[in-house]
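The values are calculated or read from the model by the stated rules, or taken from the named source; none is laboratory data. Keep in mind that this is a model prediction, so the values were computed, not measured. Don't worry about glycine lacking a Cβ; one is built from the backbone with ideal geometry, like all the others, and counts go over all protein chains shown.
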Amino acid sequence: MLKNDYLMEMIGAMCRAVSEIIFKRSKKEYAECHSLANDQYQSLLGMSLDMILSLPSETVFDLLGNFGEVEPKKVLTLVDLLKEDSEVFRAEANDATADAIREKCEDLLNLLDRYDLDDEALAELDKRMADFGID
């Protein structure tokens with residue numbers, strides 16, 4: 001129960017950060033957006049965006065799990081955060097970083113798609129995959 005409460009609290013914080021990033025991006029406060037995203041990367045994985053992008057997607061995916069157990073909510077929440085961060089990089093005309101982030105998101109979604117997920121997680125995965133144009 002405590003693990004689930006902690007997970008839900010962490011996901012809630014990340015969702016709030018995503019909303020704040022969207023708002024700050026609309027105001028062109030890009031440095032603040034990156035700072036918010038980096039705080040969340042540190043909270044979830046204990047690493048920066050640069051480290052996330054440098055690691056193989058499989059390693060990042062495994063780090064999001066819990067002793068070999070897949071945590072779909074963590075993966076999907078990280079994808080949401082990465083997607084918003086990529087939009088900030090794109091707004092800054094840093095297409096190379098935005099594209100690298102997008103590729104990492106697609107890899108994580110494809111890795112998650114290999115697992116037998118409950119209906120709720122599967123619906124969320126399908127929605128994210130459609131957003132990225134993944135069949």
Discussion item. Looking only at residues that are hydroxyl-bearing (Ser, Thr, Tyr) and surrounded by fewer than 20 Cβ atoms within 10 Å (Cβ to Cβ) in the range 77-135, which one is nearest to Met14 (Cα to Cα)?
Written reply: Thr97
Worksheet, complete the sentence: Within the range 89-122, residues among the acidic types (Asp, Glu) and more than 16 Å from the chain's Cα centre (by Cα) come out as Glu92, Asp95, Asp116, Asp118, Asp119, Glu120
Worksheet item: If you check Met14 against the conditions, is it surrounded by 18 or more Cβ atoms within 10 Å (Cβ to Cβ) and not in a loop (DSSP other than H, G, I, E, B)?
Response: yes
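From the list Ser57, Ser48, exactly one residue is modelled with pLDDT of 95 or more, more than 10 Å from the chain's Cα centre (by Cα) and under 20 Å from Ala130 (Cβ atoms). Which is it?
Values: Ser48 fails: under 20 Å from Ala130 (Cβ atoms).
Going through Ser57, Ser48 in turn, the sole match is Ser57.
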Response to the item:
All-but-one check, Asp50 against (1) over 13 Å from Glu84 (Cα atoms); (2) surrounded by 13 or more Cβ atoms within 10 Å (Cβ to Cβ), failing number (2)
